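Engineer: This is the structure I have questions about; it appears just below.
No lab work stands behind these numbers, since they all come straight from the coordinates. Every value quoted in this text rests on a predicted model; they were computed, and no experiment measured them. Cβ atoms come from the backbone with ideal geometry, glycine included; neighbour counts cover every protein chain shown.
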Ligand code: SD4
């Protein structure tokens, strides 16, 4: 090879090196652009919450990001007075005080949570504000409430007449027995996938009815009540939070999916982790709902009675989950 040819070649090589990143970037952008346009959106929620799931699904169709869609969707249940496990109208603690827990997690792995917050209805939105506007992940109690008020949230009385009546009735016996939740409305855990193919989730609850003052369950604990990994999928939990926390349920499910399990098998395995430590049939409910990146959904619970909402292809459905015990 003469010097001239060598220089030509090395020039070519150099130009490839210089040009390549741009080409790759452009291709990358093009690919992202195509994915953005073509991705099928979906929304899943624990329990039969058609309105909340529909609101989120519609928001996704309209081009909202997954994180904004989950917050918008769960907000419906937070202000639904008939849902006595979430937001305003939620069951109080044993002192008659309603305190709420929530968390959110986005496709970047950023998250925010608020624990034991009083007088604020939209705690999932508040958790998002913690994520976006503070250097922290968790704000609890009075600090979370103060932060909410600074952000312009209006303090409200969250104890409705109906919840007060039920609490007073409970006080007569005052048995501290966590109840098996088989009713249709419960803690709402929601995962959305937006047009860019990004996943985000939210979990919001008033916690166990008549809990001890200060008790916090799994719902606002990242990895327990909710976990998202945008490369793998996401999971949410409902039911007796203590059992979910002990097994870090949602993180476990996402890790099982990372290792190749389907969302269904991963949920079943996470329920098994709880059950294998019990002597006989437990008297509590725990239920999981999960999705992977392709929109494959799995659900499984300890007791029967768990169902979930699925918005896909502009259709909203309520589907019954399988359980270990019938
Ligand atoms: C908690 N997991 O505080 C929540 C309660 C719940 O159905 O999901 N209830 O433990």
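Engineer: Just to verify a number: FRET efficiency for residue 165 and residue 304, C-beta to C-beta distance, R0 = 25 Å, to 0.05?
Structural biologist: Numbers: r = 29 Å, r/R0 = 1.15.
In this case the efficiency is close to 0.30.
Engineer: With the crude spin-label approximation of a point 7 Å out along Cα→Cβ, what separation in nm comes out for residue 136 versus residue 151?
Structural biologist: Each label point is offset 7 Å from its Cα along the Cβ direction, giving 1.2 nm.
Engineer: Also, quick follow-up: What does the convex hull of the alpha-carbon atoms of region 176-279 project to on average, in nm²?
Structural biologist: 7.5 nm²
Engineer: Now for a different question. Write down the radius of gyration of the chain and its Dmax, each obtained from C-alpha positions, in Å.
Structural biologist: Cα only, the chain: 22.7, 99 Å (Rg, Dmax).
Engineer: What relative contact order, as a whole-number percentage, does region 44-321 give when Cα pairs under 8 Å and 6 or more residues apart are counted? Show your work: numbers first, answer last.
Structural biologist: Details: 744 pairs, mean separation 62.8, N = 278.
With pairs under 8 Å counted, the relative contact order is 23 percent.
Engineer: I would also like to ask the following. With each run of n ≥ 4 DSSP H residues scored as -39500 (n - 2.57), what mean residue ellipticity at 222 nm is computed for the chain after dividing by its residue count and rounding to the nearest 500 deg cm²/dmol?
Structural biologist: -12000 deg cm²/dmol
Engineer: Separate question: Given 0.36 nm per residue, what is the gain on full extension from residue 213 to residue 277 after removing their alpha carbon distance, in nm?
Structural biologist: Roughly 20.3 nm would be gained on extension.
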